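The next block holds one structure in the form of structure tokens; read it before the comments.
The values are calculated or read from the model by the stated rules, or taken from the named source; none is laboratory data. Bear in mind the structure is a predicted one, so any value in this text is a computation, not a measurement. Every residue, glycine among them, receives a Cβ derived from its backbone with ideal geometry; neighbour counts consider all protein chains shown.
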Amino acid sequence: MGTVKKRSKKLFALNLVLLLVPLTYYGYQPFLRAVGGFLIVSEEPRTSDAIVVLAGGEPSRAFKAVELYKAGLAQFVLLTSEPTPSIFEKVRRDGIQLIPTYENYMRVLEGYGVPRERILRIEEPTFDTAAEMQRIADFSRMRGWHRLIVVTSNFHTRRSRLVGRYVFSPGIEFAVVASPDDSFKPETWWKSQGQARTFAIEVEKLLTYTLYYWPKSLWKKRESTKPLNTSSAVWPLSSTLLS
């Protein structure tokens, strides 16, 4: 009886190995494509107050903004600014002029037909996506904008939407649109050391942002649905303020 049980266990283990080997061989690439694609969310844009191009990426972000502008989806294109590396100042003193990212964006926009007066820029630089989105929200509220199209690199879209949902609420609707980015291809990212690095860094940042914003979002939603305090103790103060 014991011999039969041992044979059954060995047969089960062999069958399991024979099943896992082809699954691993043929299944790991679809799995890697799926996790690469998870970083990307590209929403359907609709007519908005402005197209916002996030800083720090390739000129493809500006190309996408041109496409959306020419489609008549917004009257303005808004650029943000990233910090200028200290090396810029050094080479400037040596007579060498480097071009900041936003100037490349502006050259693409103007070169493909977006009028200069329709291109706006937030000049104060930001060091991360969270601060950048807050600057955009403040600028939009100042101008009375209520709907935006946010353009960024494909791998950066999910994190941008996560931050935007917290920072832009309430009052500003937005859609995140992915630009065609050559630096990250979800179908083959694991075959390139550079793209694998991009994936690893973005996953780390996405996890960090999620852990930070998820509880804040829950609390914000709870506060927004909390009934107003209309107790009698508040009325004397309210009446005084309104008089």
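So, of the residues in segment 86-107 that are polar (S, T, N, Q) and modelled with pLDDT of 70 or more, which turns out to be nearest to A62 (Cα to Cα)? For segment 86-107, the residue satisfying everything is N104. Being crowded, with 22+ Cβ neighbours inside 10 Å, small (G, A, S) and out of contact with any Pro (no Cβ under 7 Å at 6 or more places or on another chain) is a property that does not hold for A34. Would it be correct to say that S183 is closer than 21 Å to Y69 by Cα and touching an Asp or Glu at 6+ places or on another chain (Cβ under 7 Å)? Against the criterion (closer than 21 Å to Y69 by Cα and touching an Asp or Glu at 6+ places or on another chain (Cβ under 7 Å)), S183 does not qualify.
Could you go through segment 196-211 and let me know if any residue there is modelled with pLDDT under 90, surrounded by 10 or more Cβ atoms within 10 Å (Cβ to Cβ) and not β-branched (V, I, T). Within segment 196-211 (the criterion being modelled with pLDDT under 90, surrounded by 10 or more Cβ atoms within 10 Å (Cβ to Cβ) and not β-branched (V, I, T)), the answer is no, since none of the residues qualifies.
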